[in-house]
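Peer 1: Pasting in a structure now, in structure tokens, and then I'll have a few things to ask.
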Amino acid sequence: MIPSAAPLQGTAAERLRQAADLRRRADAEELRALADLAAEHSWSTTDEYDVIGGERAVRIGADGSRLIGEFLPMEVAAIKKISVAAATWLIRDVINLEARHPGLWRAVRAGDLEPYKAFTIARLAAGYELSQAQTLAIDEKLATKVGRIGWQRFLRLTRGLIGQVASDAIEAAAKKARESRFVRSAPTDEAVVSELWARLDTTDAQQLEATVQALAKKLGDAGDTDELDLRRAKALGILATPGRAQALLSGSGDQRYLPRTKAYLHLTPGMLTGEAPVARSETLGPITKNMLGELFGTHRITVTPVLHLDGEHAVDSYEIPDRIREAVVVRDVCEVFPYSSRTARNLDLDHTQPYVPGAGSQTAPDNLGPLTRRVHRAKTAGRWRLKQPRAGTFWWKSPRGNEYRVSPSGTDDLCHWSSLERKVAWLLDNR
């Protein structure tokens, strides 16, 4: 819970202006604090490894920016309640702005330029791999335009200045863009719907567009009355099964080509008895019996039921049996670091209490949790301390003394908890 502040005074319009000013000042103070943290964790080029703490120096920024300790993003992530990756990007943007764009950095700290705009310029310059000297030359000219021209015009000016100081970088970026083509998908907040985005060769994108349009038209000709955008989405899904797409384009919609997929369904006794007709799927989100029926009508699905019953028995080996790994993954769902959203199924499982050769019953769900490699290294090095008082509940302590409780219901930042509240929670978790 954030400590309350004095309420704003005046009319609604006046309070709106005051709130906007407060936000600009808060943004400037946050970035100043991040820059100071980076300076406190700054390493020189001769510092390669912290023998005592097990931490390494990393360069996350562009040319001219400072080196930092690799565990700093974890501290920032937990304080700001964001992912470690997002914290890394935020620190990168701050140290790039401070070292390579001093004019824009001053404007941000003065509240004259929104941080996201300054970060956009810093990322653009870093993306073209400009040297510190080149960015300083550009920054000198950009700083005089802050607040005087519109944002899109400001961006165009930036790209024009980059072209003047580094025409070869423009050509290299075009080549690099082709080498960074991709296709990715991600689930949405709605069940059974995902988003797909890609970067393709322009000619391939045009051909894909033509094929999607042709399939959407075929669906319409076959009696599909949905809007064009929805039919285009269906058409792209059909392309996942080339045989089905070819059959549709040739005039026959053979159902043998229905796509095959696999789903993990987390079932409870209520789902089986009908008292609670909603299951949870790792890839589809909350799903009802009716929605399952619709899926079985349009896909060939292999369902792996996950029953949340009694715990798994411990084993003596360091290696984790599949049955225990499955129990931990379906219990935790995500990485057990504060506020992490990394899916547990693709992560390594870590022994909360380090494994000791020869001792028995150490590998069990109540001594395991999914962690990314960086978090695991920080824990192993003793920078972040972890306890698991009971299966699925994790208490973390950061190098700077900040404490967090991670459980199946989410992350609790204990910063604002009283010592009594912490003690009671710890006793309850140890029951």
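Coordinate-derived values only; no laboratory data. Owing to the predicted nature of the structure, the values given are computational and were not obtained by experimental measurement. Cβ placement follows ideal geometry from the backbone for every residue including glycine, while neighbour counts extend to all protein chains displayed.
Peer 1: Sorted by mean Cβ packing within 10 Å, highest first, what order do the peptides 35-41, 214-220, 102-108 take? Can you show the working numbers first?
Peer 2: On the way: 35-41: 16.4, 214-220: 18.1, 102-108: 20.4.
Per-residue Cβ counts within 10 Å, averaged per peptide and sorted highest first, yield 102-108, 214-220, 35-41.
Peer 1: Using only Cα atoms, figure out Rg for the range 12-179 and give it as a multiple of 2.2 N^0.38 Å. Kindly include the intermediate steps, with their values, before the conclusion.
Peer 2: On the way: Rg = 17.3 Å, N = 168, 2.2 N^0.38 = 15.4 Å.
Taking the Cα Rg and dividing by 2.2 N^0.38 Å, one obtains 1.12.
Peer 1: On to the next question. Using the basic label-point model (7 angstrom from Cα toward the beta carbon), what is the Asp204 to Ala6 distance in nanometres?
Peer 2: 6.0 nm
Peer 1: Would you mind computing, in nm to one decimal, how far apart the modelled labels at Leu236 and Ala186 are, each placed 7 Å from Cα along Cα→Cβ?
Peer 2: For the pair Leu236/Ala186, the computed spacing is 1.5 nm.
Peer 1: Something else about it: Whole angstrom only: what separates the Cα centroid of the range 111-138 from the Cα centroid of the range 339-411?
Peer 2: 38 Å
Peer 1: While we're here: Whole-Hz Karplus ³J(HN,Hα) for the range 135-145, in order, using 6.51 cos²θ - 1.76 cosθ + 1.60 and θ = phi - 60°, x for Gly and Pro?
Peer 2: So the J values, rounded to whole Hz, are 5, 4, 5, 5, 4, 4, 7, 5, 4, 6, 9.
Peer 1: On to the next question. Starting with the highest mean, order 161-174, 86-99, 125-138 by the number of other Cβ atoms within 10 Å, averaged over the residues of each peptide. Could you put the intermediate results ahead of the total?
Peer 2: Values: 161-174: 14.2, 86-99: 22.4, 125-138: 19.1.
Highest-to-lowest ranking by the protection proxy: 86-99, 125-138, 161-174.
Peer 1: Quick one: if the Förster radius is 51 Å, what FRET efficiency do Ala177 and Val424 give, using the C-beta to C-beta distance and rounding to 0.05? Write down the numbers at each step before the final one.
Peer 2: On the way: r = 55 Å, r/R0 = 1.09.
Once the sixth-power term is evaluated, E becomes 0.40.
Peer 1: Would you mind ranking Phe154, Phe71 so that the residue whose beta carbon has the fewest other beta carbons within 10 Å leads the list? Please list the in-between numbers first.
Peer 2: Values: Phe154 18, Phe71 24.
If I rank by nearby Cβ atoms, fewest first, I get Phe154, Phe71.
Peer 1: By the scheme Lys and Arg +1, Asp and Glu -1, what is the net charge of all other residues having a beta-carbon under 12 Å from that of Ala216?
Peer 2: Values: positive: Lys217, Lys218, Arg231, Arg232, Lys234; negative: Glu209, Asp221, Asp224, Asp226, Glu227, Asp229.
Net charge around Ala216: -1.
Peer 1: On a 25 Å Cα-Cα criterion, which of the cross-link pairs Lys80/Lys117; Lys387/Lys423; Lys81/Lys234 come out too long? Mind dumping the intermediate values first?
Peer 2: Working: Lys80/Lys117 20 Å; Lys387/Lys423 14 Å; Lys81/Lys234 37 Å.
From the list (Lys80/Lys117; Lys387/Lys423; Lys81/Lys234), the Cα-Cα distance tops 25 Å for Lys81/Lys234.
Peer 1: Could I ask something else about it? With the crude spin-label approximation of a point 7 Å out along Cα→Cβ, what separation in nm comes out for Asn346 versus Arg123?
Peer 2: My value for the distance between the label points is 2.0 nm.
Peer 1: Here's another thing I want to ask about it. Please find the FRET efficiency linking Arg373 to Arg59, where r is the Cβ-Cβ separation and R0 is fixed at 25 Å, and quote it to the nearest 0.05. Display every interim value, and only then the final one.
Peer 2: Values: r = 18 Å, r/R0 = 0.73.
So the FRET efficiency works out to roughly 0.85.
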